[in-house]
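The values are calculated or read from the model by the stated rules, or taken from the named source; none is laboratory data. Note that the structure is a prediction, hence the values are computed from the model and not measured. Positions of Cβ are backbone-derived with ideal geometry, glycine not excepted, and every protein chain shown enters the neighbour counts.
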Amino acid sequence: MQPTLFPMEPQSKPQPARSASQISRKALNEAQYEAVTTVSGPVLVIAGAGSGKTRTLVYRLAHLVEQGVPPEQILLLTFTRKAAQEMLHRASLLLDDSCRRVMGGTFHATANLLLRRYCRHLGYAANFTIIDQSDAEGIVNLLKSSLNLGGENKRFPSKRVVISILSKSVNKGLGIEELVEAEYGHFHDFADDLQTIALHYKRFKLEHSLMDYDDLLVNWRRILEEFPEVHTELANRFSHIMVDEYQDTNPIQAAIVRLMAAKHNNVMVVGDDSQSIYSFRGADFRNIMEFPSLFPDTRLIRLEENYRSTQKILDLTNAIIEKAQEKYTKTLFTNITGGEKPVVYGARDEATQARYVAEKIVALHKAGEPLDEMAVLFRSGFHSYKLELELTHRQIEFDKRGGLKLNELAHNKDVISYLRVVANPHDHLSWNRLLLQLDKVGPKTAQNILSRVKSAEDPLAALREYPAGKTWKEGLADLLEMLEALRQSGMSMGQMFERIMDYYEPIFERLYHDDYPRRRRDLDEFGRVMGGYVELQSFLDDASLDPPQAGALEPDGGKRLVLSTIHSAKGLEWDTVFIINLAEGRFPSAQAVLPAHREEERRLLYVAATRARKQLYLVYPQEVMSYDSSAAAGGPSPFLQELPHALTQSPSPAAWQSQSSAYGGGQEERPDYSIPPLKSASSASPSGSSSAPSIKLGNRVRHPFFGEGVVEKVVSPKSLEVLFARHGKKTLHLDYAKLELVQ
DNA sequence: TGAGACGCTGTTTTT
DNA sequence: CAGCGTCTCA
């Protein structure tokens, strides 16, 4: 996360082609070669998982430059900034450093750079602040109270839902009313209020020079659509455009691509409809299929040979996607033979699952597998907590990706707010946060102060004149003094951090008195990241657009195991992949009830499983505890149950012996539970296998966690559907669940 | 009007 | 378990 502004400036003269490399021909298969060398006109590449998509993009990049296309005229849009940099790096190895001058990054980061330059056309000052989702939610909160909405009504959508509705409305180009009717029927009564909030939200952002993620895209499109001279300038500037992960773009991004390519029409997009996993961000996998209608005479190229996984893994992933309701046929094949069938393992609970995975990793590592060639993937950030404990105990180093970001921690947000106010004094969202930190200042006072300085040219100066209450006069003066000091240029980012901490430290300790020592470490880490920047604005931009992972110090070169959400694992691959918590209620996520959402969850599993080169483990706990240690869910995910049995194997009992757990080893083992794979090996807990007397339809049964229930359905000789009084309907497998008949 | 205590609820994924 | 809203007291 170094400051990486991509050069926008001079266009260099065409580079003479370096030695005509035959690189491409040999290193590429026929379809890849065609994709690399088709440099004019629109091209759509449907690239199956592991089909050498990145390789193709990298070679094409090098090929273009080699053909004499000035790197500055190439625009590479990727899903993460890291992906762009990785590709530019690899292209520069193939050819030379000129590849580095290609303009590349995410849609959002590129929008940011362009808008800093052109946003004045839209009435925005160039020092606008980019806000993240929680900032956006903060605005909704402010509006809710100032507009007196939702107050007493408990059913009013939460700020989170409000923002997702507003965002969807923007991304899908639907009116609030329309959208609410279509997708949020239960909020029908609030459609008007939502409309009001939407209006004020928009106004608030404009008045205070704030842009959210959607604004970056929408405003990029607007300057292209509404300002022909800007459109011409930009469309002329980029002669070649490439877009990666096109299946995860939304209609706005599609429009941007169309407009940016309007002059030269040399645009290649790459993607895989089976791997579309961002519909919550407005993406629609059908977008990729519509590309040819956006660009007539599109050349369609399919990459279908998989170079990543063994046939045994591919058989399973094909089976996963085979079940998809809607799919565009694409047959993946590989020439990689051998390997093991994917392993399916039902652990008793999360602790056992963590232990199993950790022990397996240790064993594989001992057998020579480098730690960084293994990864553990999961649906949601918190799914790995137990495993993190286990790994920490065993001193296995890991990197966690996805989940909490450094800039999402409240105390780091505080620090960001000071800087934001310096960069953009009209940012009332940040002002509000800072004012609330003053002792004796609450929401009312903060609003009063802000409404008075609203129209001031220089809010800082205006505040100094403000008739402060005597209880908080001093606090305000200190704050202003600190901000004034930051505003004087000449301070390095490191010095700014020091100055902020001088002021903030006592406030910080008061605010977070229970655990400020722990939080202090995050702040120091944050300060170090900040110290790496030269420019305040680029630090703030990156803090929103490319936030560093919490707890992940910059890589020290040591090889580490990777823990990652599936979303953050997109595009990556490892020898060995564990997918954990593949359990009912967790994956697919319990929230995914609509068919379309469940379909996306299935694609998510597909993405996860196709990350594996040699070995794949699918693991789930029989019981999942929720935070208050009641049973919440558990048992194999429906996705697992529908997979053909022949494609997977159970772990051999000898493969891992239950040693004393690193944590909770002494915990009373609940005698009712046997560890499934060991059960047949008779080492199961004593009373475990005595369960499952013949249970019939209509019987009352007792389950150790779910309590009492009635058998509703006998699915198979070994599995039942039981309706529990307190936990609803569960499907239980008699080999795993200990059920007692209740007389 | 602000601060702090208490009790209820709901819990993805990311730019 | 945190992040709400609600309630009470200063």
Open item on the list: Please go through region A:346-403 and give me each residue that is among the hydroxyl-bearing types (Ser, Thr, Tyr) and within 19 Å of A:Asp575 (Cα to Cα), ordered by number.
Closed with: A:Tyr356
Open item on the list: Of everything in region A:425-473, what is within 16 Å of DNA strand C (Cβ to nearest atom), of a type in the set (Gly, Ala, Ser) and either part of a loop (DSSP other than H, G, I, E, B) or touching a residue at least 60 places away in the same chain (Cβ under 8 Å) (or both)? Give them in sequence order.
Closed with: A:Gly442, A:Gly469
TODO: Please find, within region A:323-333, the residue that is surrounded by the most Cβ atoms within 10 Å (Cβ to Cβ) out of those that are under 24 Å from A:Asp575 (Cα atoms) and without any contact (Cβ under 8 Å) to a residue 40 or more places away in the chain.
DONE: A:Phe333
- [ ] Could you list, in sequence order, all residues of region A:116-166 that are assigned to a loop (DSSP other than H, G, I, E, B), near DNA strand B (Cβ under 10 Å from one of its atoms) and closer than 14 Å to A:Leu194 by Cβ?
- [x] A:Arg155, A:Pro157, A:Ser158
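Would a scan of region A:409-424 turn up a residue that is assigned to a loop (DSSP other than H, G, I, E, B) and at pLDDT 90 or above?
Yes.
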- [ ] Identify, from the list A:Ser279, A:Ser293, A:Ser274, the residue that is surrounded by fewer than 16 Cβ atoms within 10 Å (Cβ to Cβ) and either closer than 30 Å to A:Ser169 by Cβ or more than 25 Å from the chain's Cα centre (by Cα) (or both).
- [x] A:Ser293
Open item on the list: Let me confirm something: among A:Gly558, A:Gly532, which residue is over 30 Å from A:Thr310 (Cβ atoms), at pLDDT below 90 and of a type outside the set (S, T, N, Q)?
Closed with: A:Gly532
Open item on the list: Condition first: polar (S, T, N, Q) and over 20 Å from A:Asp478 (Cβ atoms). Now tell me which residues in region A:412-459 satisfy that.
Closed with: A:Asn412, A:Asn424, A:Gln447, A:Ser451, A:Ser455
Task: Test set (1) touching a Gly at 6+ places or on another chain (Cβ under 8 Å); (2) at pLDDT 90 or above; (3) within 16 Å of DNA strand B (Cβ to nearest atom) - A:Ile579 fails condition number - done: (1)
- [ ] Output the residues belonging to region A:488-525 that are surrounded by fewer than 15 Cβ atoms within 10 Å (Cβ to Cβ) and of a type in the set (Asp, Glu).
- [x] A:Glu498, A:Asp502, A:Glu505, A:Glu509, A:Asp514, A:Asp515, A:Asp524
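Please work out which residue is modelled with the lowest pLDDT, limiting yourself to region A:73-103 and to residues that are in contact with a strand residue (DSSP E or B) (Cβ under 7 Å, 6 or more places away or on another chain) and surrounded by fewer than 23 Cβ atoms within 10 Å (Cβ to Cβ).
Within region A:73-103, the first condition is being in contact with a strand residue (DSSP E or B) (Cβ under 7 Å, 6 or more places away or on another chain), and the residues that meet it are A:73-81, A:84, A:87-88, A:102-103.
Of the ones still in play, those that are also surrounded by fewer than 23 Cβ atoms within 10 Å (Cβ to Cβ) are A:73, A:79-81, A:103.
Working: A:Gln73: 95, A:Phe79: 87, A:Thr80: 86, A:Arg81: 83, A:Met103: 91.
Ranking the candidates gives A:Arg81 first.
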Task: Odd one out for A:Ile223, checked against (1) within 16 Å of DNA strand B (Cβ to nearest atom); (2) buried (at least 20 other Cβ atoms within 10 Å of the Cβ); (3) within 20 Å of A:Ile252 (Cα to Cα) - done: (1)
Open item on the list: Among (1) among the small types (Gly, Ala, Ser); (2) within 16 Å of DNA strand B (Cβ to nearest atom); (3) at pLDDT 85 or above, there is one condition A:Ala550 misses while meeting the rest; what is its number?
Closed with: (3)
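Answer yes if at least one residue in region A:154-167 is of a type in the set (Phe, Trp, Tyr), modelled with pLDDT under 90 and either more than 26 Å from A:Val102 (Cβ to Cβ) or in contact with an Asp or Glu (Cβ under 7 Å, 6 or more places away or on another chain) (or both), and no otherwise.
Checking region A:154-167: at least one residue is of a type in the set (Phe, Trp, Tyr), modelled with pLDDT under 90 and either more than 26 Å from A:Val102 (Cβ to Cβ) or in contact with an Asp or Glu (Cβ under 7 Å, 6 or more places away or on another chain) (or both).
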Task: Residue within region A:15-24 that is assigned to a helix (DSSP H, G or I), modelled with pLDDT under 90 and farther than 30 Å from A:Pro548 by Cβ present - done: yes
Open item on the list: When you check A:Leu143 against the structure, is it crowded, with 20+ Cβ neighbours inside 10 Å, more than 26 Å from the chain's Cα centre (by Cα) and either acidic (Asp, Glu) or within 16 Å of DNA strand C (Cβ to nearest atom) (or both), yes or no?
Closed with: yes
